[in-house]
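To start, the structure under review is shown below, and the notes come after it.
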Amino acid sequence: MLLTILCTLAQFTVSVNYDMKDYLPEDAPSMSAMDVMNEEFEGNVPTNRVMMHDLTIQESLAFKQELAAIDGVSDVTWLDDAIDIKQPLEMADQETVESYYKDGKALFTFSIQKGEEVATTDAIYDLIGEDNAMAGEDLNTATQQKMAGKESMYAGALLVPLIILILVLATSSWIEPLLFLTAIGVSVLINMGTNIFLGEVSFVTQSVAPILQLAVSLDYAIFLLHSFSDYRRKVADPQEAMQLAMKKSFSAITASASTTFFGFIALTFMNFEIGADLGINLVKGIVLSFISVMIFLPALTLLFYKWIDKTQHKSFLPRIRNKGKMVVKWRIPVLALVFLLIVPAFLAQSQTSFIYGIGDQPENTRAGSDFATIKEQFGESTPMVVLVPRGDTAKEEALVEDLEKIDNVSSVLAYVNTVSAAVPPEYVGTSVTEQFYSENYSRIILQTDTKSEGEEAFHLIEQVQNTADGYYGEDAYMAGESVTLYDIKNVVQKDNKLVNLLTIATVAFVLLVTFKSISIPIVLLFTIQSAVWMNLSFPYFTDSSLVYVGYLLISIIQLAATVDYAILLMDAYKEDRKEMSAREAIKKTLDEKIFAIGISASILSSVGFILWITSSNPIVSSIGMLLGRGALLSFIMVVFFLPAMLLVFDKWIAKTTWKANFKKEK
């Protein structure tokens, strides 16, 4: 309890990182570009926009100064940076003019200093009022930071009563659910507090890890206390009953924790380090939950066992007889249906369209409605920066001319076309030159009319990179939100194959050791992996996009977290099969275990759907939806498909399992 109190206080000192680009590998091209730009220039890529209504040219210039004066704001860009506004606007390139000023509406781009997103965007909102609009990457970050704390409390307020209700239905004592939640809750708090040694965690870890740890490790506490209740009926001394319960449930809890532990370890091998960050926290959480259940929960239970006795209640759920008989009866249609669905599901989940960033904010929020307003007036606009070695003015001028010819590039701002290649920088004020020149590099700012990601945006990045490489080779760098997302896409797609292979290999190894069988790991993994494919195929069939990070994480989390259902059923079946025929063993196993599997799946599914409902962050929300749906699909597959597989492959399992000792059938 002392450790829990210390860790509860310590968790408030752990910072949360909302910037996805910080989790790219250091050798990613956009990270190298950001390193160069941070060393050479002040400010950042201007990825934010403010639209002001009913301003004249002079009022727009005055507003530009006010915006630039706000702490944290830099690199404010407007029409006067692109053309000479002393000349009549009718004489200038109209496409360039309308990128910044149209129908009395002025559009400004700017960057915000890292770490100042919330304070700076609040100050900008105070300046522009309710009638004007702001959008951009840093505003999205600020919005997520503001919402995260409220949403976590909202999720907890919904989740804890729901889990207590499920556990009350699953147990015969009013006090037992509180013991379950206390034991796992303590380990969750310790896990969050020990993040102080990591310094910071990602927003995904902060939102998902505590709830997921609670959901996947509640089973350990249920295993132990159910075993304790069984021995209380046989042994008079509570301490002796607890010792026997610990001894009996140790192997089941260890097997369950091991599959989850090794599955989550695979996340730590991701190059995109949000996965590694989440993996470290979940692995640490599983270990702490295991220790808490095997050490803290027995002590807590022995302290309050009299309260368990005093608060007994009758079962609230009706007993459904012959559940196993019904499942066995439907085995052939179930097998046929699953094998009919599995190939389309596998193909569909690999053809889903993906989002690699956080995506657009919902339109019912200020950030979402402002983005829609700006888009309606000025269209899409995604800035990017090209950095090239300084010195060769003629080469730089030729590059700028080629960049202006590329489709979807709406404007190019560089010294050579905003001042003049013929004017030496030393004859111009530093306020102008420092935007474009550092000691070693020249900075070229592009405005594009594509979204921040997607096929069109990524093709444009390749075109710009190829054009810059043609002049400067590997000495040219690119930075910006869309460039970062392009790198994230390349990194996570490589991660997908490696991490999925590692997950399946490590879980298969644990199953091999647990069951001492070649065939059982194949049957169990095929069952759960089929549920994963079905889950991930939904976006394709509903013609919706899926956040790729959520897709990648859930393909591991669903397998690691729900393979326990298959282990629980298989372990009981293997024992029953020694004394009876395959069909009778399946019926008995289902009658005894379907309820326990259902409780576990309902808790995990509830956790997922509540994350989906409460989170405005598209990554966290998509993980929640996939987890909720995945837990239900895994439950259905384990209860209906796995028994059918065990009956079909009974003889093969008997031959390929060491000391199976299955009863011979006539």
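The values are calculated or read from the model by the stated rules, or taken from the named source; none is laboratory data. This is a predicted model, so every value here is computed, not measured. Note that we place each Cβ from the backbone using ideal geometry, even for glycine, and neighbour counts take in every protein chain shown.
Worth a mention:
- Taken across the range 269-287, residues that are closer than 30 Å to E26 by Cα, basic (K, R) and in a helix (DSSP H, G or I) do occur, with at least one present.
- Residue match in the range 493-506 (condition: of a type in the set (S, T, Y) and assigned by TED's automatic domain parsing to the domain that holds F378): no
- Condition check for D469: surrounded by fewer than 22 Cβ atoms within 10 Å (Cβ to Cβ), touching an Asp or Glu at 6+ places or on another chain (Cβ under 8 Å) and outside the structural domain of T268 (by TED's automatic domain parsing): no
- Residue ID - nearest to the chain's Cα centre (by Cα), chosen from residues in the range 454-485 that are assigned to a helix (DSSP H, G or I) and hydroxyl-bearing (S, T, Y): T484
- Helices (runs of 4 or more DSSP H) fully within the range 23-112 that include at least 3 residues being touching a Lys or Arg at 6+ places or on another chain (Cβ under 9 Å) and hydrophobic (A, V, I, L, M, F, W, C): 29-40.
- Members of the range 110-153 that are in contact with a helix residue (DSSP H, G or I) (Cβ under 7 Å, 6 or more places away or on another chain), more than 25 Å from S482 (Cβ to Cβ) and modelled with pLDDT of 90 or more: L127
- Residues of the range 524-566 satisfying the condition of being among the β-branched types (V, I, T) and buried (at least 21 other Cβ atoms within 10 Å of the Cβ): T527, I528, V532, V547, V549, I554, I556, I557, T562, V563
- Residues (outside any helix (DSSP H, G or I) and aliphatic (A, V, I, L, M)) located in the range 172-199: I175, L198
- Filter pass, Y220 being surrounded by fewer than 22 Cβ atoms within 10 Å (Cβ to Cβ), of a type in the set (S, T, Y) and touching a helix residue (DSSP H, G or I) at 6+ places or on another chain (Cβ under 8 Å): no
- Note on the range 512-523: among residues that are part of a helix (DSSP H, G or I) and of a type in the set (A, V, I, L, M, F, W, C), the one that is surrounded by the most Cβ atoms within 10 Å (Cβ to Cβ) is I520.
- The requirement of being farther than 22 Å from S410 by Cβ, touching a Phe, Trp or Tyr at 6+ places or on another chain (Cβ under 8 Å), surrounded by 13 or more Cβ atoms within 10 Å (Cβ to Cβ) and in the same structural domain as M384 (by TED's automatic domain parsing) is satisfied by V73.
- Residue selected from the range 124-144 under the condition small (G, A, S) and closer than 19 Å to S60 by Cβ, by the criterion surrounded by the fewest Cβ atoms within 10 Å (Cβ to Cβ): G129
- Test: residue in the range 321-329 that is assigned to a helix (DSSP H, G or I) and more than 21 Å from L642 (Cβ to Cβ): no
- Figure legend. Inter-residue proximity from the range 353-371: first residues under 15 Å from E453 (Cα atoms) and among the small types (G, A, S), second residues assigned to a helix (DSSP H, G or I) and at pLDDT 85 or above, beta-carbon distance below 7 Å, spacing 6+ or different chains. Indicated pairs: G357/L485.
- Search result, residues across the range 87-123 that are more than 17 Å from S410 (Cβ to Cβ), among the polar types (S, T, N, Q) and either within 32 Å of the chain's Cα centre (by Cα) or surrounded by 13 or more Cβ atoms within 10 Å (Cβ to Cβ) (or both): S111, Q113, T120, T121
- Selection of the range 23-54 for residues being in contact with a strand residue (DSSP E or B) (Cβ under 7 Å, 6 or more places away or on another chain) and small (G, A, S) yields S30, S32, A33, G43.
- Selected residue (only one of D277, D309 is of a type in the set (D, E), surrounded by 20 or more Cβ atoms within 10 Å (Cβ to Cβ) and either over 27 Å from L590 (Cβ atoms) or in contact with an Asp or Glu (Cβ under 7 Å, 6 or more places away or on another chain) (or both)): D277
- Hey, A345 of a type in the set (G, A, S), farther than 30 Å from P177 by Cβ and in contact with a Phe, Trp or Tyr (Cβ under 7 Å, 6 or more places away or on another chain) or not: yes
- Condition met for S602 (assigned to a helix (DSSP H, G or I) and under 25 Å from G550 (Cα atoms)): yes
Per-residue answers, yes or no, for (1) under 21 Å from T260 (Cα atoms); (2) free of Cβ contacts under 8 Å to residues at least 60 places away in the same chain; (3) not acidic (D, E):
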residue	(1), (2), (3)
L169	no, no, yes
W174	no, no, yes
L179	no, no, yes
V186	yes, no, yes
I190	yes, no, yes
N195	yes, no, yes
E200	no, no, no
T205	yes, no, yes
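- Options L107, L162, L167, L158; residue that is in contact with a helix residue (DSSP H, G or I) (Cβ under 6 Å, 6 or more places away or on another chain), closer than 24 Å to E453 by Cβ and not charged (D, E, K, R): L107
- Whenever a residue of the range 441-462 is within 25 Å of F108 (Cβ to Cβ) and in contact (Cβ under 8 Å) with a residue 40 or more places away in the chain, its partners that are among the small types (G, A, S) and in a strand (DSSP E or B), lying with C-beta atoms within less than 8 angstrom and at least six residues away or across chains, give the pairs L446/S411; Q447/S410; Q447/S411; T448/S410; D449/S410.
- Remark: pairs (first residue in the range 71-100, at pLDDT 85 or above; second residue basic (K, R); Cβ separation under 8 Å; 6+ apart in sequence or on different chains) = V76/K64; W78/K64; D80/K64.
- Those residues of the range 95-114 which are in contact with a Phe, Trp or Tyr (Cβ under 7 Å, 6 or more places away or on another chain) and among the aromatic types (F, W, Y), in sequence order: Y100, F108
- Any chance V419 is buried (at least 16 other Cβ atoms within 10 Å of the Cβ) and at pLDDT below 90: yes
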